[in-house]
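Here's the structure, in C-alpha cells; my notes come after.
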Amino acid sequence: MASTAPGFMEILPPSLDSTAEPPNLFDGTTRLYTSYICPYAQRTWIARNYKGLQEKIKLVPIDLQNRPAWYKEKVYPPNKVPALEHNNEVKGESLDLIKYIDSNFEGPVLLPEDPAKRQFAEELFAYSDSFIQVIFKALPSKGDVDDTVVAAFDKVEDALLKFDDGPFFLGQFSLVDIAYAPFIERFQIFFSDIKGYDITKGRPKLSLWIEELNKIDAYAQTVRDPQELLAVIKNKFGIA
C-alpha cells in the first residue's frame, strides 16, 4: 500500500534555534515538534505523512544543538523531541505518539484488527528499545561485529518471517514498521561504513523489507542524506 499522498512534496520549514520566537502556542493548531535528524521524531513524522495529515499537523522542527529556551519552558519540559501539541495538551514519547496519531486522526489505520497481529505488535514495540540499545552500544566498540549484534538483527529477520501476507512485520505496513524504520535506516548506513558489515547479508526478509519500505512515500519523504547521518553519529561517538 502506498502513502495516501503519493508524490506529495512538502516544503520543510527551517529548524528553530535559540534565537527563534515561539509559535502562537495553544491557539488550536496541532503541531508536531520534531527534528529532521532524530530517529525517534522520524517515527511520528512518518505516521503523520502516511495518514495524509500534512495539512492537519504542522511540523515545527527544533535545532537540537541550540534549542530555544521557550520549548522547555512553555511547550515540553523534558526538552526532547518528538512532542505533539493537540487539543491544548502536549504529549511526548515516540511510541506513544505514533499510536496516538493513529487513533485520534483520520487516514489509513496502522494497526490491524487481528488479535494475533496486535499481540505481536506489542511484543515488537516492547523489544524495540533493547534492540536500539544493543546496536548503538556496539557502534563505537573496537573490532568486528559481536554476537549480540548478530543476534539482534537475526531476531528482526525472524520477526519478519511470522506473517506471510506481505513483506512487513505484520504482513501489511503498520506502526511496527514505523517504529523500526528510522533505526534500521541508520544502522544499515552506520554498520556498512564504520564496521564494514552488511546487515542484510544472509537476511533476505530484512533486505526485502528495506526495499519495500523505500517504496512508501510517507517514509521516503523523511529520509535524510546518509552522509549527514554518518557525520552526526561519528561526532557523537568520537569516531574518526
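The values are calculated or read from the model by the stated rules, or taken from the named source; none is laboratory data. This is a predicted model, so every value here is computed, not measured. Don't worry about glycine lacking a Cβ; one is built from the backbone with ideal geometry, like all the others, and counts go over all protein chains shown.
Overview of results
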| read-out | value |
| --- | --- |
| Among residues of segment 136-159, those that are within 19 Å of the chain's Cα centre (by Cα), surrounded by fewer than 19 Cβ atoms within 10 Å (Cβ to Cβ) and in contact (Cβ under 8 Å) with a residue 40 or more places away in the chain, counted | 1 |
| In segment 113-161, residue nearest to Leu208 (Cα to Cα) [restricted to those that are assigned to a helix (DSSP H, G or I) and among the acidic types (Asp, Glu)] | Glu157 |
| Selection count where residues are surrounded by 14 or more Cβ atoms within 10 Å (Cβ to Cβ) and under 21 Å from Ile46 (Cα atoms), scope segment 198-211 | 5 |
| Residue in segment 48-58 that is part of a strand (DSSP E or B) and on the phi < 0 side of the Ramachandran plot present | yes |
| Every pair of residues 6+ apart whose Cβ atoms lie under 9 Å, when the first sits in segment 123-134 and is under 12 Å from Val156 (Cβ atoms) while the second is in a helix (DSSP H, G or I) and of a type in the set (S, T, N, Q) | Val134/Thr148 |
| Filter result for Ser103 (of a type in the set (Ser, Thr, Tyr) and farther than 23 Å from Ile233 by Cα) | yes |
| Answer residue from segment 60-113, given it is over 19 Å from Ala41 (Cβ atoms), of a type in the set (Asp, Glu) and free of Cβ contacts under 8 Å to residues at least 24 places away in the same chain and is surrounded by the most Cβ atoms within 10 Å (Cβ to Cβ) among those | Glu73 |
| Residues of segment 103-112 that turn out to be within 19 Å of the chain's Cα centre (by Cα) and outside any helix (DSSP H, G or I), as a count | 6 |
| Scan of segment 1-50 for residues that are among the polar types (S, T, N, Q) and either exposed (fewer than 13 other Cβ atoms within 10 Å of the Cβ) or at pLDDT 95 or above (or both), ordered by number | Ser15, Ser18, Thr19, Asn24, Thr29, Thr30, Thr34, Ser35, Gln42, Thr44, Asn49 |
| Test set (1) in a helix (DSSP H, G or I); (2) of a type outside the set (Val, Ile, Thr); (3) modelled with pLDDT under 95 - Asp164 fails condition number | (1) |
| Residue within segment 72-94 that is in contact with a helix residue (DSSP H, G or I) (Cβ under 9 Å, 6 or more places away or on another chain), part of a helix (DSSP H, G or I) and under 20 Å from Thr222 (Cβ atoms) present | yes |
| Qualifying positions in segment 175-220 - of a type in the set (Ser, Thr, Tyr) and assigned to a loop (DSSP other than H, G, I, E, B) | Tyr197, Thr200 |
